[in-house]
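The values are calculated or read from the model by the stated rules, or taken from the named source; none is laboratory data. Bear in mind the structure is a predicted one, so any value in this text is a computation, not a measurement. Cβ atoms come from the backbone with ideal geometry, glycine included; neighbour counts cover every protein chain shown.
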């Protein structure tokens, strides 16, 4: 057996007591928000697996296809049912602690591995979107720089054309002045 490190990876596996008696299937894991320490396991049990028992993680270990908890079936059965898909509040946590002879710190606030995982998925999606937007911003900045360079080139071309036009006007004026000299000769 291996010590529990990422116990949420065993969701869907059997939860058994120290004697190997089935307690249900691991549905979720509740972590302390402050320390990210696993505190409780949620095991679905009963007819159609509609009931959930919350079992302390301390002393748990995992095997290839099960999670073994430190509490026997009688203790688990005597504990209150938990709400499916919902972290217990402080009062519920006190009741659960009493059932197992434990006292949880009043500073413990729980959140489920499912909620943590959803937040990670959202964070990953946000990072991917940020990377896409960053790439798009770099592409648009490159287009802007190219447009500025093109505009600068066009401005220089326009300035050169203006200078050329001015020289041509001056040359035309000189040519008219020269022609005017010959107009008086007739």
### Query
Scanning for something modelled with pLDDT of 90 or more and either outside any strand (DSSP E or B) or farther than 17 Å from residue 113 by Cα (or both), does region 58-68 turn up at least one residue?
yes
### Query
If we scan region 10-17, do we find a residue that is under 22 Å from residue 119 (Cβ atoms) and touching a residue at least 24 places away in the same chain (Cβ under 8 Å)?
yes
#### Entry: Matching residues in region 106-124 - criterion: being in contact with a helix residue (DSSP H, G or I) (Cβ under 9 Å, 6 or more places away or on another chain) and loosely packed, with under 13 Cβ neighbours inside 10 Å
106
### Task
Provide a single number: the residues in region 14-49 that are touching a helix residue (DSSP H, G or I) at 6+ places or on another chain (Cβ under 7 Å) and outside any strand (DSSP E or B).
2
### residue 171 being on the phi < 0 side of the Ramachandran plot and not in a helix (DSSP H, G or I)
no
### Task
State all residues of region 99-130 that are part of a helix (DSSP H, G or I) and in contact (Cβ under 8 Å) with a residue 60 or more places away in the chain; if no residue qualifies, say none.
113, 114, 116, 117
### Query
Can residue 140 be described as out of contact with any helix residue (DSSP H, G or I) (no Cβ under 9 Å at 6 or more places or on another chain), under 28 Å from residue 60 (Cβ atoms) and either part of a helix (DSSP H, G or I) or touching a residue at least 60 places away in the same chain (Cβ under 8 Å) (or both)?
no
### Summary
Of the listed residues (96, 55), the one being modelled with pLDDT of 85 or more, within 16 Å of residue 31 (Cα to Cα) and in a strand (DSSP E or B) is 55
### Task
Could you tell me whether residue 84 is in a loop (DSSP other than H, G, I, E, B) and surrounded by 14 or more Cβ atoms within 10 Å (Cβ to Cβ)?
no
